[in-house]
1. Just to be sure I understand the filter: pairs with C-beta atoms under 6 Å, separated by 6 or more residues or on different chains, first member in the range 258-280 and over 17 Å from ILE225 (Cβ atoms) and assigned by TED's automatic domain parsing to the domain that holds GLU175, second member part of a loop (DSSP other than H, G, I, E, B) and of a type in the set (Asp, Glu). Which pairs pass?
2. With respect to SER184, is the statement that it is outside any loop (DSSP other than H, G, I, E, B) and under 30 Å from MET125 (Cα atoms) true?
3. What is the residue count in the range 160-203 for residues that are in contact with a helix residue (DSSP H, G or I) (Cβ under 7 Å, 6 or more places away or on another chain) and modelled with pLDDT under 95?
4. With closer than 26 Å to ALA25 by Cα, surrounded by 17 or more Cβ atoms within 10 Å (Cβ to Cβ), assigned by TED's automatic domain parsing to the domain that holds TYR34 and out of contact with any Phe, Trp or Tyr (no Cβ under 7 Å at 6 or more places or on another chain) as the only criterion, which of TYR186, TYR129 stands out?
5. Looking only at strands (runs of 3 or more DSSP E) that fall completely inside the range 199-280, which ones have 2 or more residues that are loosely packed, with under 15 Cβ neighbours inside 10 Å and more than 22 Å from the chain's Cα centre (by Cα)?
6. Within the range 62-75, is there a residue that is touching a His at 6+ places or on another chain (Cβ under 8 Å) and either in contact (Cβ under 8 Å) with a residue 12 or more places away in the chain or assigned by TED's automatic domain parsing to the domain that holds LEU179 (or both)?
7. Find the residue count for the range 120-129, including only residues that are farther than 16 Å from GLN60 by Cβ and in contact with an Asp or Glu (Cβ under 8 Å, 6 or more places away or on another chain).
8. Quick one: is GLU126 charged (D, E, K, R) and either over 24 Å from SER184 (Cα atoms) or within 19 Å of the chain's Cα centre (by Cα) (or both)?
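The values are calculated or read from the model by the stated rules, or taken from the named source; none is laboratory data. Bear in mind the structure is a predicted one, so any value in this text is a computation, not a measurement. FYI the Cβ positions are ideal-geometry reconstructions off the backbone, even for glycines, and counts take in every protein chain you see.
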Amino acid sequence: MDAFLLILCLLFVLFMPVSVVALEAPPLMLAKSYQQGINVADYYVSEKLDGVRAYWNGRQLLTRSGRVIKAPAWFLAVLPARPLDGELWMGRGRFSEVSGIVNRRQPRDQDWQQVTYMLFDLPDMEAPYTERLWVLRTLAAQYGSAHVKVLEQTRISNDKELNERLTRVTAAGGEGLMLRRARSLYQVSRSDDLLKVKLTLDDEAKVIGYVAGEGKYRGALGALIVRMEDGRQFRLGSGFSDEERQHPPAIGESVTFAYNGLTEHGLPRFARFLRVRPPE
């Protein structure tokens with residue numbers, strides 16, 4: 001019997017679908033939130049895109065978690081045999097659409113015709129961002145593809161210009177801004193050299209439990225118990241529609257929430273649910 005079970009286990013390992021095997025997350029540089037007091041003249045400024053982060057490893061497009069993105073061959077054919085960091089984007093306010101396209105097992109050409117790979121870094125180049133950006137722009141000029149572009153990066157002089165830019169982008173339906181320190185190297189970590197700037201802060205957390213509703217929400221969700229990446233836990237109880245309270249996010253799913261600064265205990269103040277973050 002032991003030998004029979006061993007053979008079954010070996011057969012399972014040999015013939016299990018490739019998709020079951022977990023992939024390693026790509027080496028990405030992640031952003032911190034902007035805090036007043038930095039010298040914004042040291043940074044490049046770009047719009048914060050509400051798309052799907054995509055890492056090109058020279059052969060495949062990967063999500064933040066390492067899952068392979070099934071893009072059409074023609075979409076990938078122009079990309080170089082070196083790593084690229086960017087975002088798959090369809091325009092302001094179209095996150096759910098591009099997320100749906102990226103998560104399809106079989107790509108459809110008509111869908112991907114609407115997607116642009118907006119590039120913003122060269123992870124394998126050991127040089128300051130100013131130099132990486134110049135090389136990235138040079139490479140992109142050789143692609144000759146309307147579906148691969150370099151995200152516009154500009155310089156500003158002071159906080160007044162930053163606030164004016166942020167107000168314009170937000171009023172036009174944008175997510176906010178990103179700051180990249182001109183002299184910084186690409187770091188596989190969260191860094192002050194990469195900052196997100198928004199009128200309203202947001203972050204992500206994983207659902208780990210529920211609080212039952214009371215009063216008019218009796219029999220429905222009262223609040224989610226969520227845990228952030230750094231281990232902080234709190235209750236997320238506002239921002240839900242009646243439908244979402246009846247069918248709340250599942251345990252283990254990631255949700256995006258908005259908040260206004262931190263409490264004295266370091267927890268998000270006035271946190272409110274925005275949406276479920278699709279799997280990456």
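1. Listed by first residue and then by second, the contacts come to nothing, as the list is empty.
2. Values: outside any loop (DSSP other than H, G, I, E, B): no; under 30 Å from MET125 (Cα atoms): yes.
Spelling it out, it is not the case that SER184 is outside any loop (DSSP other than H, G, I, E, B) and under 30 Å from MET125 (Cα atoms).
3. Here the count works out to 3.
4. Within the list TYR186, TYR129, the selection yields TYR186.
5. On the way: elements: 201-212, 221-228, 233-236, 254-259, 272-277.
Output list reads 201-212.
6. Filtering the range 62-75 down to residues touching a His at 6+ places or on another chain (Cβ under 8 Å) leaves 75.
This time we only want the ones that are either in contact (Cβ under 8 Å) with a residue 12 or more places away in the chain or assigned by TED's automatic domain parsing to the domain that holds LEU179 (or both), so: 75.
Yes, the range 62-75 contains a residue that is touching a His at 6+ places or on another chain (Cβ under 8 Å) and either in contact (Cβ under 8 Å) with a residue 12 or more places away in the chain or assigned by TED's automatic domain parsing to the domain that holds LEU179 (or both).
7. Restricting attention to the range 120-129, the residues satisfying the condition of being farther than 16 Å from GLN60 by Cβ are 120-122, 125-129.
Adding the requirement that they be in contact with an Asp or Glu (Cβ under 8 Å, 6 or more places away or on another chain) leaves 120-122, 125, 129.
Total satisfying the criteria: 5.
8. Numbers: charged (D, E, K, R): yes; either over 24 Å from SER184 (Cα atoms) or within 19 Å of the chain's Cα centre (by Cα) (or both): no.
Taking the combined requirement at face value, the residue does not satisfy it.
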